[in-house]
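Structure first, then comments.
What follows is calculated from the coordinates using simple rules that are stated; it is not laboratory data. Nothing here was measured: the structure is a model prediction, and the numbers come from that model. No Cβ is skipped: glycine too gets one built from the backbone with ideal geometry, and neighbour counts run over all protein chains shown.
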Amino acid sequence: MHEKFTGNFTQQQPLPEEAIEAAVRVMRHGRLHRYNVVDGEIAETAALELEFAAFTGAKYCLAVASGGYALTAALKAAGAKPDEKVLTNAFTLAPVPGAIANAGCEPVFVEVTEQLVMDFDDLALKIEASGARFLMLSHMRGHIADMDALMAICEAAEVKVIEDCAHTMGAEWNGISSGRHGIAACYSTQTFKHLNSGEGGLLISDDAELMARATMLSGSYMLYDRHVAGAPAETFADIRLDTPNCSGRMDNLRAAILRPQLARLGEQCEAWNARYRRIESGLCNVSGLKLINRPEKEAYVMSSFQFLLPDFPPNAVLEVVGTCEKRGVELKWFGADQPTGFTSRHDSWRYVPRQQLPQTDRILSGLLDLRLPLTFSLEDCDLIATIIRQEVERVFQGDPAPQG
Ligand SMILES: *Cc1c(COP(=O)(O)O)cnc(C)c1O
């Protein structure tokens with residue numbers, strides 16, 4: 001009755017053997033810097049950019065040091081100026097408002113809906129009130145807004161969209177890859193994302209000037225012609241002199257371990273989604289628990305799972321979190337007063353002027369989140385769902401916690 005789960009929620013899979021071999025090859029030749037190439041050689045980093053551009057269908061790709069760096073570079077390269085207001089989701093992860101602040105800009109938060117995507121009525125209001133020219137749209141935890149409707153609102157108001165695709169690598173809206181709706185998109189290859197190089201980021205765009213600026217920002221010196229998925233050389237004529245070098249390059253070692261992972265990303269996405277669906281079916285019809293509805297036009301890639309306990313007061317949510325933890329199931333609560341681990345909330349980013357977001361606060365106060373690493377089997381997912389179901393139902397009915 002009171003089974004425990006013993007898996008580790010932060011243990012990712014080992015890297016594939018080809019990735020390990022590729023890393024060893026780079027270490028043996030020693031040319032780890034992306035611009036350190038022998039005659040005619042295409043560096044691992046440049047090859048990764050070419051392959052990632054092809055994967056997304058973008059014209060250009062730039063590999064950088066982190067997802068957060070990619071977001072800042074995209075915003076600056078798109079022309080955002082210091083002190084400018086930039087719209088973003090009120091429900092996102094710290095690197096997103098951090099990237100806006102790093103560009104010298106000020107985040108303006110837009111409310112989220114119970115589907116965990118941007119609220120379009122609030123978006124329209126905030127566009128009007130802020131006069132913002134940019135929206136940094138976070139597809140937080142892999143939930144994609146209706147991109148046709150969102151782009152229509154932004155295009156009508158001449159707001160440019162930069163997509164944060166840290167959780168949507170390989171996902172689609174209405175048949176179009178996530179990251180191909182806005183003027184640029186940013187991805188992370190940090191360990192807990194869909195590709196793992198420890199740290200890393202990728203920026204894609206079809207805009208040659210934006211990419212040339214981002215490339216110079218990333219610390220390209222005058223070696224930008226060693227890119228193969230970069231903007232054409234003539235684009236750099238003035239940009240190479242007008243853009244500061246804010247070094248944030250990716251190196252060949254990380255690119256080498258990413259390329260074999262990218263080649264099998266499709267398979268991995270299937271495996272994540274199978275785990276997601278297993279948890280989802282295990283949590284159907286649980287009293288007090290609300291699942292996130294997934295629109296038909298959305299092709300998601302879910303490496304985590306979210307659900308709502310909309311009517312639970314904070315002490316009841318805490319009780320669910322506490323008893324699940326005792327049974328080995330790590331739930332993250334987005335409604336806690338204090339930021340913990342990777343989880344924080346808009347009001348804990350105190351460098352941003354305080355904003356009233358009652359709808360987001362209400363939703364986050366009942367939002368729970370769990371990771372689904374591929375080291376979990378489908379049977380593990382069944383057990384995790386069983387434990388959550390039992391604990392939610394128990395707390396919902398007001399029954400005492402099991403002893404021992
Ligand atoms: C991880 C993440 C990023 C980027 O993170 P880095 O650690 O800088 O690579 C951006 N947005 C979201 C929503 C994320 O989860």
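Structure notes:
- Estimated FRET transfer efficiency (E209, Q355; beta-carbon r; R0 22 Å; 0.05): 0.10
- For the pair E3 and D337, the difference between a 0.36 nm per residue extended length and the Cα-Cα distance amounts to 117.2 nm.
- Modelled spin labels at D39 and R277, positioned 7 Å past Cα toward Cβ, are 5.4 nm from each other.
- Share, in percent, of DSSP beta bridges within the chain that are antiparallel, nearest 5: 60
- Share antiparallel - DSSP beta bridges, the stretch 65-137, percent rounded to 5: 10
- Per residue, the chain reaches -11500 deg cm²/dmol at 222 nm when only DSSP H runs of four or more residues are counted, each adding -39500 (n - 2.57).
- Selection from A99, Q13, A65, by position along the positive dipole direction of the stretch 1-139 (Cβ): A65
- Protection proxy ranking, peptides 7-13, 69-75, average beta carbon neighbours within 10 Å, highest first: 69-75, 7-13
- Whichever lysines have a C-alpha closer than 20 Å to that of K126, once near sequence neighbours (fewer than 8 apart) are set aside: K81, K85, K160
- Of the peptides 365-377, 53-65, 28-40, the order by per-residue mean of other Cβ atoms within 10 Å, starting with the highest, comes out as 53-65, 365-377, 28-40.
- R0 of 25 Å, Cβ-Cβ distance D121-I183: FRET efficiency to nearest 0.05: 0.55
- Intensity falloff of the stretch 95-195 expressed as log10 I(q)/I(0), Debye formula with alpha-carbon point scatterers, at q = 0.13, 0.22 Å⁻¹: -0.43, -1.30
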